[in-house]
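Here's the structure we're looking at; comments come further down.
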Amino acid sequence: MSTLAPPRSGNARPLRTDPGGRPRRGTRRLARREAGFGFLIISPAVLFVAVFTLAPMIASVALSFFSWDVITPPRFVGLDNFERIVRDDAVVSSFGTTLLLAFGIVVVQLVVGLGLAVLVNQRRRPAAKTFFRTTFYLPLLASTAAVSIFMGYMFDMKFGVINYYLNAVGLPSVPWLTSTWGAIVTIILIAAWQQVGFTFVMFVAALTSLPTDVLEAAAMDGAGPVRTLFGVKIPLISPTILFATVVAMINALQLFDQPFIMTKGGPGTATTTATIVMYQTGFQNLQFGYASAIASVLLVIILAITGLQFLAARKWAFYR
Amino acid sequence: MTHIIGAGMDRRALLKLGGAGIATLGLGPLTACSGSGSSDTIKMLYFGQQSAATALQKKLQPQVTKLDKAMKLEVTGINGTDWNDFLAKVLTQIASGSAPDLVSVATEGLQLMASKELLIPLDSYVTKDLSSLQSYFDDIHPALVESMMYQGHLYELPDSFNAGSMFYSTGLLEKAGLEAPKESWTTDDFHTYATKIAATGPKVYAFDWVVRLWGSWTSFLYANGGNLLEEGKYSGGDWLWKSAYKDNPAAVAGRGGGWKWGQPTANSAAAVEALEYLIDLQRSNLSPSPDVGGGATLQGLFSSGRIGMTIGGGFWAGGLHNAGMKDGSFDVQRFPTWKSNKSLFGAGGYGIFNSSKKKDLAWEIVKMMVQPESFDIMFPGNVTTPGRKSLMTAERYSSTGPSNWSVFYDQLEGSVPISAPPYYNALATSLNQRTTKAISTGNAKAALDGMQADFEKAVKGV
């Protein structure tokens, strides 16, 4: 018989085991009871996820094999919806637009987030750090719809404040939202601006927790700030960069609010993302089966890109 | 699904059944709960803010109580920038199992809802109550009634409409040394006006418009003698014309059973010319790049004196007044003639949902809604044009303007409803996308070829 050492504090009873090291019957019962209690505690969250996330996902994937207009009963059509996606230029083009916008948003979000985090991390006064952390995080707390409406007014070609100041310094008005590349760049900048707080906060936390001995060693070896940043700090926070990239990419691939509100997916289809096509197909054209098939393909694309990111990270992410 | 269930169910059939089962699991809650709520509540959908819907509900409740003491009216407001937003949300609500009893819907959604059998034909009700409705039919323009027909049946009783006229800023016209345009003005006159108004200042645009089906570049298309779809009419409708309008057969000569929208003509020569006309206005700096849907921005610009002319209907009388414009600071004229004097309009009215369990009471409410006294409860402050001519009075427009208010109703003669077929939502999506594409690239023909292809796909239902 052996008894595990009791914890230093608290009233938890030591786990009793038999000579073979296995928990005794009474202990097993206790473990089962504790496990049951644990399951009970997490069951509301599991139930919530099951009802509001898992079930709709399964239903949506299942619906992609049906033709359904909401009003009449669904009709099984096999893989027809998926075959149609391949032939539908509008849908294929929307996936291209989604990838373009997502790539732009993620790059801007990571570069700006990291740059701001490095600058803020160099501040010595805690009050300044707190101020900048709060300021850069604030856009993330604002409603995306409200921000999009507001930004739509700011970037309006006719009376937007951006063009007002451009005109004030003698520059011509820019068709921010009414030209193809103007709309793409504006949507990327606004989406990245709103999300940058998320990556910024993660990078600040990662940079703050860097081991001082490594940084001191780099300094003793004569590494300057730039060399330290690229040769020491960035490699050390690479797992955080990986996580931020994955999360940012998943979010960006589901972009909807900004282009839907600011440009209605235009001009033409320049900013029509896959999610906008899903909305139009399902809720406006009443082709819910086809819209679900588009959603399923988007899900597969997101999973594939995420998988690729993890595979690529094996080469560059550094785990201590 | 019965065809896949048999005695010898193979693996494929089992898989199909499994898929159907999963789908049903997800869809079950959506499809199962049809019906229209508790037995003492009658529900109506309304395009607007919930606060306005609630106010409307309070005002209408006493009238509903007169019809049924125990009945409670529930008006739900649905927001949206345009009718396709409204319709998408209505259809979603129906899918969620909370189909209402009544709906106030415009021309944009009529054929969509009728073709899906979401609304019921009102023919038998109208025939039954024709004597009590005679004063209504005597008062309302048959063009509005015909616009609410589909395949020979009447699906809504109209109470309002908006015809696309040309509003102008009297201040800017005066500044440009221009007199009010005459009723017979043409698009050449319009261009002269635009050039002179634009010369009044660097921050002034002569003309602005909104990308949408109603009152967009489509107004120029109609004036150019074209349309987005082939115009035709369903047969039928005589059951109504020969009874309700028996004393005025001239007014209903040529009327049919509703507008039949045929093959797409989106890239016709008339369409290309009309869209190029608008693009040229922008190139000449006479017009800014237009917004998509709604018109709130345009209203703000017009009311602040930065826009000289724009397309509007009776709804702008109240809209501009509410935006702070004083009576006399704006006025209206018929849409200018181009190759024809054809103009467009859209109507609004009330229909009954097929799923309603209180259809008879709903019909009584529909009749109540088209009574003259209901109009200002439903639309306070001239935010649309009354369908009943008796309500078109100088007194109505005395506090809001415009002076030339009679144009609204007069323009109905010879006008055609907006081309809103059963696939209206797909049409509106394509119209918005292809128009903005044409404006950003300057290539109207290529954009309209794309629109034509989109419409052809929509006609086939793919």
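Descriptive notes on the structure:
- When we screen B:PRO181, B:PRO202 for residues that are assigned by TED's automatic domain parsing to the domain that holds B:GLY324, modelled with pLDDT under 95 and closer than 28 Å to B:GLU276 by Cα, the only hit is B:PRO202.
- Selection within region B:283-312 - within 11 Å of chain A (Cβ to nearest Cβ) and part of a strand (DSSP E or B): B:ASP291, B:VAL292, B:ILE307
Matching residues to (1) assigned to a strand (DSSP E or B); (2) under 21 Å from the mean Cα position of the chain (by Cα); (3) not charged (D, E, K, R):
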site: B:ALA53; (1), (2), (3): no, yes, yes
site: B:PRO62; (1), (2), (3): no, no, yes
site: B:LEU73; (1), (2), (3): yes, no, yes
site: B:LYS89; (1), (2), (3): no, yes, no
site: B:SER98; (1), (2), (3): no, no, yes
site: B:GLY109; (1), (2), (3): no, yes, yes
site: B:PRO121; (1), (2), (3): no, yes, yes
site: B:THR127; (1), (2), (3): no, no, yes
site: B:SER132; (1), (2), (3): no, no, yes
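- B:PRO417, sole failed condition from (1) modelled with pLDDT under 95; (2) touching a Gly at 6+ places or on another chain (Cβ under 9 Å): (1)
- When the residues of region A:55-72 are filtered to those that are modelled with pLDDT under 90 and facing chain B (nearest Cβ under 7 Å), the one that is nearest to the chain's Cα centre (by Cα) is A:VAL70.
- Residue count for region B:372-384, restricted to those that are within 18 Å of B:TYR409 (Cα to Cα) and more than 20 Å from the chain's Cα centre (by Cα): 1
- Residue tally, condition over 28 Å from the mean Cα position of the chain (by Cα), assigned to a helix (DSSP H, G or I) and aliphatic (A, V, I, L, M), over region A:215-235: 6
- Matching entry among B:ASP327, B:ASP360, B:ASP331 (being closer than 30 Å to B:GLY171 by Cβ and out of contact with any strand residue (DSSP E or B) (no Cβ under 7 Å at 6 or more places or on another chain)): B:ASP327
- For region A:261-272, the criterion of a residue being in a helix (DSSP H, G or I), away from every other protein chain (no Cβ under 14 Å) and under 30 Å from B:SER430 (Cα atoms) is satisfied by no position.
Residue-wise test of (1) hydroxyl-bearing (Ser, Thr, Tyr); (2) buried (at least 18 other Cβ atoms within 10 Å of the Cβ); (3) within 13 Å of chain A (Cβ to nearest Cβ).
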position: B:ARG388; (1), (2), (3): no, yes, no
position: B:TYR397; (1), (2), (3): yes, yes, no
position: B:SER406; (1), (2), (3): yes, no, no
position: B:GLU413; (1), (2), (3): no, no, no
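- Only listed residue being touching a residue at least 24 places away in the same chain (Cβ under 8 Å) and assigned to a loop (DSSP other than H, G, I, E, B), chosen from A:LEU138, A:LEU171, A:LEU177, A:LEU189: A:LEU177
- Here region A:61-75 is the region considered, the condition is being among the β-branched types (Val, Ile, Thr) and not in a helix (DSSP H, G or I), and the residue that is nearest to B:SER355 (Cα to Cα) is A:ILE71.
- Single residue of region B:201-216 satisfying the filter (in a loop (DSSP other than H, G, I, E, B) and more than 17 Å from the chain's Cα centre (by Cα)) that is nearest to B:GLY312 (Cα to Cα): B:VAL204
- Residues satisfying the stated conditions in region A:168-210, i.e. of a type in the set (S, T, N, Q) and closer than 26 Å to A:PRO267 by Cβ: A:SER173, A:THR178, A:SER179, A:THR180, A:THR186, A:GLN194, A:GLN195
- Selected residue (criterion: surrounded by the most Cβ atoms within 10 Å (Cβ to Cβ)) from residues of region A:73-89 that are touching a residue at least 24 places away in the same chain (Cβ under 8 Å) and at the interface with another protein chain (Cβ under 8 Å from one of its Cβ atoms): A:PRO74
- Filter pass, A:VAL107 being part of a helix (DSSP H, G or I) and surrounded by fewer than 17 Cβ atoms within 10 Å (Cβ to Cβ): yes
- Enumeration of residues in region B:102-138 that are among the acidic types (Asp, Glu) and touching a Gly at 6+ places or on another chain (Cβ under 8 Å): B:GLU108
- In this structure, B:ALA317 does satisfy being under 27 Å from B:PHE379 (Cβ atoms), aliphatic (A, V, I, L, M) and within 19 Å of the chain's Cα centre (by Cα).
- Scanning region B:220-239 for residues that are assigned to a helix (DSSP H, G or I) and either without any contact (Cβ under 8 Å) to a residue 60 or more places away in the chain or within 21 Å of the chain's Cα centre (by Cα) (or both) yields B:PHE220, B:LEU221, B:TYR222, B:ALA223, B:ASP238.
- Region B:259-291 - residue that is in contact with a Pro (Cβ under 9 Å, 6 or more places away or on another chain) and modelled with pLDDT under 95 and, of those, nearest to B:THR195 (Cα to Cα): B:GLN282
- Only listed residue being out of contact with any helix residue (DSSP H, G or I) (no Cβ under 7 Å at 6 or more places or on another chain) and farther than 13 Å from B:SER165 by Cα, chosen from B:GLY381, B:GLY387, B:GLY401, B:GLY414: B:GLY414
- Within region B:181-199, the residues that satisfy the criterion of being buried (at least 18 other Cβ atoms within 10 Å of the Cβ) and not in a helix (DSSP H, G or I) are B:PRO181, B:TRP185.
- Unmet criterion (only one of (1) of a type outside the set (Val, Ile, Thr); (2) in contact with a Ser or Thr (Cβ under 7 Å, 6 or more places away or on another chain); (3) under 19 Å from B:TRP363 (Cα atoms)) for B:LEU154: (2)
- 3 or more residues without any contact (Cβ under 8 Å) to a residue 12 or more places away in the chain: qualifying helices (runs of 4 or more DSSP H) within region B:324-413: none
The values are calculated or read from the model by the stated rules, or taken from the named source; none is laboratory data. These figures come from a predicted structure and were not determined experimentally. Cβ sites come from the backbone with ideal geometry, for glycine too, and all protein chains shown count toward neighbours.
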